[in-house]
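Below is one structure, written out as structure tokens; the observations come after it.
The values are calculated or read from the model by the stated rules, or taken from the named source; none is laboratory data. Just so we're clear, the structure is a prediction, and the values are computed from it rather than from any experiment. Please note: Cβ atoms are built from the backbone with ideal geometry, for glycine as well, and neighbour counts cover all protein chains shown.
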Amino acid sequence: MIKINNLSKIYGEGEIAVKALDNISFEVDEGEFIAIMGPSGSGKSTLMNILGCLDTPNFGDYFLDEMKVSELSDKKLAKIRNKKIGFIFQTFNLLPRLSAQKNVEQPMIYKGTTRKEREKISKKVLEEVGLGDRIDHKPSELSGGQRQRVAIARSLVNDPQIILADEPTGNLDSESEEDILEILTGLNNSGITIIMVTHDKKVAQHAERIVYFRDGKIIREENIKNVQQFEFELDKAGGGSGEIS
């Protein structure tokens with residue numbers, strides 16, 4: 001679904017130039033759940049902006065469903081952002097004066113969905129994330145976990161193939177964090193590809209694969225399923241706790 005070839009992003013020029021991404025290459029298969037980890041300034045957010053067609057690289061290629069993104073018109077990119085990709089942010093990015101339902105309707109307004117259909121779909125997705133009784137509440141009347149559920153519902157209304165989640169649990173307590181991760185896992189099980197940025201290894205382990213960034217480069221990858229299977233087999237064979245040093 002996603003293929004990145006020798007991609008670089010540079011901010012500034014000359015001596016003050018900063019390589020946010022430095023010649024990275026990787027692929028994401030349809031239906032994968034991938035976590036992106038790395039310290040601040042490692043290039044995670046820059047990568048997410050490029051994957052979301054919100055920014056462009058200086059060098060290299062980005063293919064989305066075999067389409068070369070750099071060759072697409074602004075109109076086509078806007079259509080991709082609205083139809084193919086759902087966005088979830090750490091700070092929720094909800095409009096404070098609008099109800100949960102009206103916030104969720106926003107992507108459908110840009111798409112041109114009728115008012116009756118918007119109301120039907122927004123109510124349905126809010127019920128699916130457990131907020132059927134909060135559709136008329138404004139963000140200030142909701143907890144952090146509930147606001148993130150609204151943001152998730154908003155990301156789903158146009159049936160995206162991909163969800164880009166940038167620190168989706170960063171502002172949440174541990175109980176709300178687990179609730180949001182359970183929702184994301186369920187969405188992935190339904191076939192949606194999820195790419196999630198997180199600084200928390202515990203959160204990242206809900207994904208199938210972790211890609212580690214440092215100084216704009218991919219330094220290693222970790223297949224969580226393989227590690228979990230190895231630990232299970234080690235325990236089954238009587239090999240102790242299954243911890244890997």
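Annotations for the structure displayed:
Here is a yes/no grid of residues against (1) assigned to a strand (DSSP E or B); (2) more than 21 Å from the chain's Cα centre (by Cα):
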position	(1), (2)
Ala78	no, no
Asn82	no, no
Ile88	yes, no
Met108	no, no
Lys124	no, yes
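- Check on Asp200, within 26 Å of Ala78 (Cβ to Cβ) and modelled with pLDDT under 95: no
- In the set (1) buried (at least 20 other Cβ atoms within 10 Å of the Cβ); (2) modelled with pLDDT under 95, Leu72 fails one condition alone, (1).
- Sole exception among (1) surrounded by fewer than 16 Cβ atoms within 10 Å (Cβ to Cβ); (2) part of a strand (DSSP E or B); (3) modelled with pLDDT under 95 for Phe63, by number: (3)
- Leu51 meets the conditions (1) in contact with an Asp or Glu (Cβ under 7 Å, 6 or more places away or on another chain); (2) closer than 19 Å to Ala165 by Cβ in every case but one. The failed one is (1).
- Subset of region 148-178 [outside any loop (DSSP other than H, G, I, E, B), touching a residue at least 40 places away in the same chain (Cβ under 8 Å) and under 21 Å from Arg134 (Cα atoms)]: Gln148, Val150, Ala151, Ile152, Ala153, Arg154, Ser155, Leu156
- The set of residues in region 5-55 being closer than 22 Å to Ser73 by Cα, part of a loop (DSSP other than H, G, I, E, B) and among the small types (Gly, Ala, Ser) consists of Gly52 alone.
- Among the candidates Glu117, Glu105, Glu127, residue that is surrounded by fewer than 20 Cβ atoms within 10 Å (Cβ to Cβ) and touching a helix residue (DSSP H, G or I) at 6+ places or on another chain (Cβ under 8 Å): Glu117
- Lone qualifier among His206, His199 - being out of contact with any Asp or Glu (no Cβ under 8 Å at 6 or more places or on another chain), in contact (Cβ under 8 Å) with a residue 60 or more places away in the chain and either exposed (fewer than 13 other Cβ atoms within 10 Å of the Cβ) or of a type outside the set (A, V, I, L, M) (or both): His206
- Any hit, region 89-99, residues being polar (S, T, N, Q), more than 27 Å from Asn189 (Cα to Cα), surrounded by 16 or more Cβ atoms within 10 Å (Cβ to Cβ) and modelled with pLDDT of 95 or more: yes
- Within region 208-215, not a single residue is within 17 Å of Lys44 (Cβ to Cβ), over 19 Å from the mean Cα position of the chain (by Cα), of a type in the set (A, V, I, L, M) and modelled with pLDDT of 55 or more.
- Counted residues, region 1-56 - those being among the charged types (D, E, K, R), touching a residue at least 40 places away in the same chain (Cβ under 8 Å) and over 17 Å from Val211 (Cα atoms): 3
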